[in-house]
Every structure is written in structure tokens, then in C-alpha cells.
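All remarks here apply to the structure that follows.
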Amino acid sequence: MTEQKELDTQTDATREQTKKQKHKERQQKVKEKVDAKIAKATEDKGLLLVVTGNGKGKSTAGFGMAARSVGHGLNVGVVQFIKGTWDCGERNLLEQHGVPFYVMATGFTWETQDKEKDTAAAQAVWQDAKKLLSDPSVNVVLLDEITYMTNYGYIDLDEVIDTLANRPADQHVVITGRACHRRIIEMADTVSEVQSIKHAFEAGIKVQKGIDW
Ligand code: ATP
Ligand code: MG
């Protein structure tokens with residue numbers, strides 16, 4: 001008998017009982033599936049994670065993982081590949097917890113005009129990134145907005161891929177930025193695309209402290 005037919009032939013009280021029972025059975029099946037997946041996931045390794053797409057939330061997701069890691073006493077390093085505002089909430093907080101920040105001090109901004117200067121600035125901060133990516137005592141590395149550097153050719157894509165592939169085996173790396181190159185996506189373990197449905201900025205609202213920086 002189908003669930004609906006079964007319900008039609010019952011009184012209100014038994015109908016309620018049947019509904020509860022069916023719900024329990026469905027939840028039990030879901031639990032069995034999740035438990036089987038958990039039992040299968042036994043591998044332990046450093047992950048490469050990518051958060052890309054046009055919506056808001058990529059860097060905040062990266063910094064969320066950085067904060068979560070610091071909360072567990074892990075060693076975290078942050079590299080920011082875009083010249084940002086000096087007053088940056090996540091930096092203010094994480095530096096207090098001993099997280100080193102390597103930031104592109106000069107060069108690339110959205111209004112960039114000078115390719116040579118930008119390349120030099122990108123290369124300088126990439127050297128800091130490479131040090132983190134070869135240091136086994138660093139558990140988590142956040143490479144914020146690195147996608148633009150490889151897309152514009154300021155940092156060689158092959159070199160980035162090589163460095164990521166040869167990093168310490170249990171080191172996690174989080175990459176954020178729009179239009180992540182498909183070769184980085186292919187080598188990553190976890191990839192999320194943040195889709196923009198709407199953004200306050202488009203309605204003329206300026207960037208807000210705590211929300212945008
Ligand atoms: P956030 O740092 O807030 O997580 P993000 O890393 O996803 O944002 P970026 O592309 O790095 O986004 O842009 C950073 C800035 O641009 C932030 O101030 C953010 O609010 C804003 N922004 C992000 N997505 C959009 C969008 N779709 N339209 C307009 N502004 C956006
Ligand atoms: Mg960002």
C-alpha cells in the first residue's frame with residue numbers, strides 16, 4: 001500500500017502515528033547513508049580548497065577557515081594578493097593571535113595601469129607564499145585573491161601548480177578569487193562557487209565595516 005492509501009484508511013490518531021513512523025524510517029535511512037559515508041572517509045591529508053565565483057563570501061570563507069584553525073591551535077599563514085585597505089578586520093583579529101600576514105603593499109589594485117610594477121609586487125609577495133608552502137610547521141595557508149595573479153600572468157601558473165603539488169603532505173591551502181583557472185580547480189580537493197544573486201553595492205550602498213572589510 002502506498003503511504004497516501006495507508007493514511008486514507010486510518011483514523012486521525014493512527015494517521016498521526018503512521019506519519020511519525022514513516023518519518024522515523026526515512027530519517028533512519030538517511031542516517032545509514034551518512035554513517036556509511038563517514039565510515040568510508042578514512043583518509044587524512046592536506047587539502048587544497050578553492051572558493052571562486054562572482055558572489056560575495058569568498059575571502060570571508062577563507063578567513064573563516066583561518067579563524068577556525070587558529071581556534072584549534074593550528075599554525076596559519078595568510079597571503080593577500082591584492083592591495084587592500086590597511087584597516088582590515090580579519091587582519092586586526094588574526095594578527096593578535098600570531099597569524100602572519102603577507103600583503104601586496106604596492107602595485108595591483110582594481111585601477112592598475114603599470115604591469116611591470118604590479119608584476120614586481122606580485123612576485124615579492126609570492127616569495128613569502130612559497131616560504132609558507134614549503135614549511136611543514138605551517139598547517140594552513142590562505143592565498144587570498146591569488147587567482148588574479150595567475151590570470152593576469154603576474155605569477156606563472158605552472159610555478160603555482162608545482163609549488164602547491166610539492167607542499168608538505170598534511171598542509172591545507174585555501175585559494176580564493178574570481179575566475180579560478182581550471183587547472184587549479186582540477187587539482188583541488190574541494191571547490192565551491194559562490195553565485196551572486198544580488199549585492200547591496202549595486203543598489204548604491206557603500207562598503208560596510210565588518211561586512212566588507
Ligand atoms: P568578501 O571579502 O566580502 O568575502 P569576496 O572575497 O567574495 O568578498 P571579492 O571579489 O574579493 O569578493 O570582492 C571584495 C569586495 O567586493 C567586498 O567588499 C565585497 O563585498 C565586494 N563584492 C563581492 N562580490 C560582489 C558582487 N557580486 N557585487 C558587488 N560587490 C561585490
Ligand atoms: Mg575576496
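The values are calculated or read from the model by the stated rules, or taken from the named source; none is laboratory data. Computed from a predicted structure; not experimentally measured. For neighbour counting, all protein chains shown are included, and Cβ atoms are generated from backbone atoms with ideal geometry for every residue, glycine included. These accessible areas exclude ligands, DNA and RNA; they are computed on the full protein's heavy atoms, side chains included. Shrake-Rupley method; radii C 1.70, N 1.55, O 1.52, S 1.80 Å.
Over the chain, give the accessible area per residue in Å² for a 1.4 Å probe, as an integer. Could the numbers behind the result be given before it?
Details: 13580 Å² over 213 residues.
Per residue, the chain has 64 Å² of solvent-accessible surface.
Between H72 and I205, what's the calculated FRET efficiency when r is the beta-carbon distance and R0 is 30 Å? Round to 0.05. Mind dumping the intermediate values first?
Details: r = 36 Å, r/R0 = 1.19.
It comes to 0.25.
Any of K56/K206; K56/K117; K117/K206; K56/K115 with alpha carbons more than 23 Å apart? Name them for me. Mind dumping the intermediate values first?
Working: K56/K206 14 Å; K56/K117 28 Å; K117/K206 29 Å; K56/K115 27 Å.
The answer is K56/K117; K117/K206; K56/K115.
Estimate the FRET efficiency between R15 and K37 by the formula 1/(1 + (r/R0)^6), using the beta-carbon distance for r and 30 Å for R0, to the nearest 0.05. Present the calculation step by step, with values, prior to reporting the outcome.
Values: r = 34 Å, r/R0 = 1.12.
That gives a FRET efficiency of 0.35.
Among the aspartates and glutamates, which fall within straight-line cross-link reach of K37, defined as a Cα-Cα distance under 18 Å, with same-chain neighbours fewer than 8 residues apart omitted?
D189
Mind checking the dipole of region 48-203: about its Cα centre, +1 per Lys or Arg Cβ, -1 per Asp or Glu Cβ, Debye to the nearest 20? It would help to have the intermediate numbers written out before the result.
Details: 14 positive and 20 negative charges, 62 e Å.
My answer is approximately 300 debye.
Let me have the 222 nm mean residue ellipticity of the chain computed from DSSP H runs of 4+ only, each contributing -39500 (n - 2.57), with the sum over all residues rounded to the nearest 500.
Working: 8 runs with 96 residues, N = 213.
So the helix-based figure for the chain works out to -14000 deg cm²/dmol.
Label 7 Å along Cα→Cβ of H97; region 60-81 residues with amide nitrogen under 13 Å?
Zone members listed by number: 62-78.
If amide hydrogens are placed 1.01 Å from N in the peptide plane, which non-local residues have theirs closer than 5 Å to the one on V103?
Here the answer is Q80, since their amide H atoms fall under 5 Å of that of V103.
Using amide H atoms built 1.01 Å from N in the peptide plane, name the residues 5+ places from I155, or on other chains, whose amide H lies under 5 Å from its own.
HN-HN under 5 Å from I155: T150.
Describe numerically, in nm with one decimal, the distance between label points set 7 Å from Cα along Cα→Cβ at H23 and at Q127.
The two pseudo-label positions are separated by 6.3 nm.
Under 1.5 on a/c is rounded, so check that first for region 48-203, then, if it is not, pick prolate when a/b is larger than b/c and oblate when it is not; a ≥ b ≥ c are the square roots of the alpha carbon gyration tensor eigenvalues. List each step's numbers first, then the result.
Values: a/c = 1.22, a/b = 1.11, b/c = 1.10.
It is rounded, given that a/c, with a ≥ b ≥ c, falls under 1.5.
Compare the Cα positions of Q21, Q195, V174 along the charge dipole of the chain (+1 at Cβ of Lys, Arg; -1 at Cβ of Asp, Glu; about the Cα centre) and return the one farthest towards the positive end.
Sorting the options by dipole projection puts first Q21.
Taking amide hydrogens as modeled 1.01 Å from N in the peptide plane, which residues meet the under 5 Å criterion relative to L48, leaving out close sequence neighbours?
Amide H neighbours of L48, under 5 Å, 5+ apart: V173, D189, T190.
Helix by helix, which DSSP H runs in the chain go 18 Å or more along their axis at the Cα atoms and have an average Kyte-Doolittle hydropathy of -0.5 or more? If you can, show how the numbers build up before the last one.
Values: long enough: 12-40 (42 Å, -2.13); 58-71 (20 Å, 0.17); 115-132 (26 Å, -0.98).
Within the chain the helices that satisfy the rule are 58-71.
Pick out, from I82, M65, V34, the residue whose Cα sits farthest towards the positive end of the charge dipole of region 5-99, with +1 on the Cβ of Lys and Arg and -1 on the Cβ of Asp and Glu.
The Cα lying farthest towards the positive end belongs to V34.
So what is the relative contact order of the chain, in percent, for Cα pairs below 8 Å that sit 6 or more residues apart?
Working: 292 pairs, mean separation 65.8, N = 213.
It comes to 31 percent, rounded to a whole number.
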